[in-house]
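Written out below as structure tokens is the structure these notes cover.
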Amino acid sequence: MPLLEVQDLRVHFPVKQGVFARASQTLKAVDGVSLAVGSGEALGLVGESGCGKTTLGRAVLRLVAPTGGRVVFDGQDITALPARELRRWRRQFQMIFQDPYSSLDPRLPVGESIGEALDIHRLAPNRAARAQRIGGLLESVGLRPEHASRYPHEFSGGQRQRIGIARALAVEPRLIVCDEPVSALDVSVQAQVINLLQDLQQQRNLALLFISHDLAVVEHLCARVAVMYLGRIVEMGPARELTSSPRHPYTQALLSAVPVVDPDSKRTRVVLGGDVPSPLDPPSGCPFHPRCPVAEARCRHEVPALRDLGAGRLAACHLAG
Ligand code: SF4
């Protein structure tokens with residue numbers, strides 16, 4: 001049984017146009033996504049900005065309310081759990097944000113921010129145990145216990161992200177949703193934080209749902225990858241196979257943007273035209289057809305299903321497989 005199972009999840013937002021307008025359109029940020037993450041597994045979720053990956057990550061943790069579908073965590077359907085019951089489950093799933101200030105109060109020493117998480121879930125019986133836990137957590141992310149008394153602004157961006165990770169780890173979660181955790185960092189610092197996440201994942205058997213627009217980062221960290229476009233998954237599969245032989249033209253285009261060190265690389269080069277269409281008015285048929293370099297006439301009116309291509313691979317394209 002997977003640790004996390006997402007079934008046909010939808011997150012739709014009503015959007016009113018004009019101050020007095022009553023009629024509203026529907027923004028389908030997530031539109032029928034199904035996926036599963038096993039215990040200790042890292043699943044990457046990639047796509048361009050606005051494809052719905054952050055909304056999906058938040059809906060999984062019930063930080064935004066799903067419109068339909070189910071989120072099952074460790075066999076428990078948490079989609080409609082009342083807030084009181086959900087609180088008991090919250091300890092098991094945490095989130096790391098792109099901007100660590102989202103989880104760190106700039107007015108508190110970082111040790112207090114980490115301690116807050118321990119206090120909420122009553123994980124330290126006394127002050128000495130609390131201080132020891134905080135010191136241990138800082139050490140586990142490559143910082144020192146004495147850093148606990150410093151404020152967030154006294155750290156570099158990479159160190160702040162490490163503190164955000166320590167705070168998430170404080171409650172000993174089984175799943176962490178990482179929302180673009182390294183995209184605001186320098187490339188050299190990115191590698192250090194990714195390696196840290198990889199070590200922690202293996203040491204603690206953590207499941208990760210790792211959200212990024214950068215396939216190179218995801219390829220390094222995750223065993224499997226799901227590619228999102230306009231609120232839907234268009235391709236999913238083992239990271240190595242998906243990146244070496246992508247089946248969906250959109251995945252091929254994303255990979256084209258990844259710098260390749262090997263001059264003999266046979267990666268297909270696909271150049272995308274235009275911007276991502278508005279999710280308020282998605283194209284008919286295959287939503288990718290206005291930008292697809294190999295679109296056929298039927299792509300304009302036939303929606304491709306996400307088909308099983310074997311060997312753990314799925315793709316939503318009429319021509320895949
Ligand atoms: S279904 Fe058609 S438009 Fe969509 S990705 Fe495949 S070939 Fe391109």
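The Cα-based radius of gyration of segment 191-261, divided by its Kirkwood radius, gives an Rg/Rh of 0.98.
Put a dot 7 Å past the Cα of GLN7, heading toward its Cβ, do the same for GLU139, and the two dots end up 4.5 nm apart. Quick one: among VAL15, VAL64, VAL171, which has the greatest mean-square fluctuation in a GNM of the chain with alpha-carbon springs under 10 angstrom? Of the options given, VAL15 has the highest mean-square fluctuation.
For the chain, the residue among ALA239, ALA253, ALA42 whose Cα projects farthest onto the positive side of the dipole built from Cβ charges is ALA42.
Given R0 = 51 Å, the distance between the Cβ atoms of GLU302 and VAL171 translates into a calculated FRET efficiency of 0.65. Here the ratio of the Cα radius of gyration of the chain to 2.2 N^0.38 Å is 1.05. Placing +1 at every Lys and Arg Cβ and -1 at every Asp and Glu Cβ, with all other atoms neutral, what dipole size does the chain have around its Cα centre, in debye to the nearest 20? The calculated dipole for the chain is roughly 700 debye. For the chain, averaging the sequence separation of C-alpha pairs within contact (under 8 Å, six or more residues apart) and dividing by the residue count gives a relative contact order of 20 percent.
For GLU172, no residue has an amide H sitting under 5 Å from its own, ignoring neighbours fewer than 5 places away on the same chain, with H placed 1.01 Å from N. Each of MET1, MET95, MET236 was scored by other Cβ atoms within 10 Å of its Cβ. Listed from fewest to most, they are MET1, MET95, MET236. Ordered by the number of other Cβ atoms lying within 10 Å of each residue's own Cβ, fewest first, PHE155, PHE288 fall into the sequence PHE155, PHE288. Among VAL225, VAL60, VAL276, which one shows the biggest mean-square fluctuation in a GNM of the chain, springs joining Cα atoms closer than 10 Å? Answer for the Gaussian network model of the chain: VAL276.
Volume per residue for segment 96-172 equals 78 cubic angstrom (convex hull of Cα atoms). What residue among ASP31, ASP186, ASP99 shows peak mean-square fluctuation when the chain is described by a Gaussian network model with Cα springs under 10 Å? Comparing ASP31, ASP186, ASP99 in the GNM, the peak value goes to ASP186. In the chain, the DSSP-assigned H stretches of four residues or longer account for a calculated mean residue ellipticity at 222 nm of -8500 deg cm²/dmol, using -39500 (n - 2.57) per stretch and the full residue count as denominator.
Report the local net charge at LEU45: Lys and Arg +1, Asp and Glu -1, summed over other residues whose C-beta lies under 14 Å from its C-beta. Overall, the nearby charge balance is -3.
FYI, it's all coordinate maths here, none of it is from the lab. Only a predicted model underlies this, so the values are computations on that prediction, with no experimental measurement involved. Here Cβ is always computed from backbone atoms with ideal geometry, including for glycine, and neighbour counts include all displayed protein chains.
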